[in-house]
Structures are given as structure tokens and as C-alpha cells.
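The values are calculated or read from the model by the stated rules, or taken from the named source; none is laboratory data. The model shown is predicted, which means the values in this text are computed figures rather than measured ones. Here the Cβ positions follow ideal geometry from the backbone for every residue, glycine too, while neighbour counts run over all protein chains shown. When the accessible area is computed, the model is the full protein with side chains, heavy atoms only, and any ligands, DNA or RNA have been set aside. Shrake-Rupley method; radii C 1.70, N 1.55, O 1.52, S 1.80 Å.
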Amino acid sequence: QVQLLESGGGLVQAGGSLRLSCAASGTIFSINAMDWYRQAPGKQRELVAQVTSGGTTNYRDSVKDRFIISRDNAENTVYLQMHSLKPEDTAVYYCHAYIAYGRWSGFQDYWGQGTQVTVSS
């Protein structure tokens, strides 16, 4: 069974920084893309940043130049370094990954439990 465990959320003042981590554990053969999503109260979940297995990154426009996504393939971990945080960044942040548990299993979606990020003005 594969699990994604997030850490690093919390309360920070506007302009501050936080670093989120997400570690995949269990029976893992291969990990494709790893992503961070977020969901604010009353809003739909939205993709924040993605890093492919080859290291290509993509960001939503509102976080470009402020957030950095990276991954450690040896540790099956993805990070989200967030700088210059704004109150509108307040949300529950979810880790997501496409993971194959075996050579012939195919890639499946896995989600973390979410971690709260609150930015005060």
C-alpha cells in the first residue's frame, strides 16, 4: 500500500516563508509526476505546482517566482518552498503523485491527507 505523508504547514505572517514536504512510502516501483494542490474554503482544489520524473516544473501563474517545487527521487519526496507568502495563499495543501507499485501495475493517483497553510495579514 502506498501512502503520501505531508509535513511543514503552519501559520506565517504575510511575506514569510514555509517549506512543505511530502514523502511517499510503501511498495513503490516508480513515481511519475509529483504535484502540490491547494484548496481554500469555498473554492475548488487547484494545481499549484508540478514536477515530472525528469525534473521539468510547472507553476500556476499566481505563485510563479515565489514558490519552488523540487523532488528527491532517492527519498521519494517532493518539496514546495514558498516565499513571499500572501493571505490569498491560505489553503489546505495536498500532495499528489502518480505511482506504480509494480512493473505491470500501471500508474495510479495517490493523495496526501493535506496540511494547513495560513498566512496572516
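Scanning the stretch 64-88 for residues that are in a loop (DSSP other than H, G, I, E, B) and more than 19 Å from Ala24 (Cα to Cα), which turns out most open to solvent (accessible area, probe 1.4 Å)?
Asp65
Please tell me if Gln50 is of a type in the set (S, T, N, Q) and either assigned to a helix (DSSP H, G or I) or surrounded by fewer than 18 Cβ atoms within 10 Å (Cβ to Cβ) (or both).
So Gln50 does not fit the description; no.
Which condition number in (1) modelled with pLDDT of 95 or more; (2) in contact with a strand residue (DSSP E or B) (Cβ under 9 Å, 6 or more places away or on another chain); (3) closer than 19 Å to Tyr110 by Cα; (4) open to solvent by 50 Å² or more (accessible area, probe 1.4 Å) is the one that Ile31 fails?
Unmet condition: (4).
Residue-wise test of (1) farther than 16 Å from Ser7 by Cβ; (2) open to solvent by less than 10 Å² (accessible area, probe 1.4 Å); (3) of a type in the set (D, E, K, R); (4) at pLDDT below 95.
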position	(1), (2), (3), (4)
Asp35	yes, yes, yes, no
Ala40	yes, no, no, no
Glu46	yes, no, yes, no
Ser62	yes, no, no, no
Thr90	yes, no, no, no
Tyr93	no, yes, no, no
Arg103	yes, no, yes, yes
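Search the stretch 83-98 for residues that are without any contact (Cβ under 8 Å) to a residue 12 or more places away in the chain and pair each with any residue that is buried (at least 22 other Cβ atoms within 10 Å of the Cβ) and assigned to a strand (DSSP E or B) when their beta-carbon atoms are under 8 Å apart and the residues are at least 6 apart or on different chains.
Pairs that qualify, where the first residue is without any contact (Cβ under 8 Å) to a residue 12 or more places away in the chain and the partner is buried (at least 22 other Cβ atoms within 10 Å of the Cβ) and assigned to a strand (DSSP E or B): there are none.
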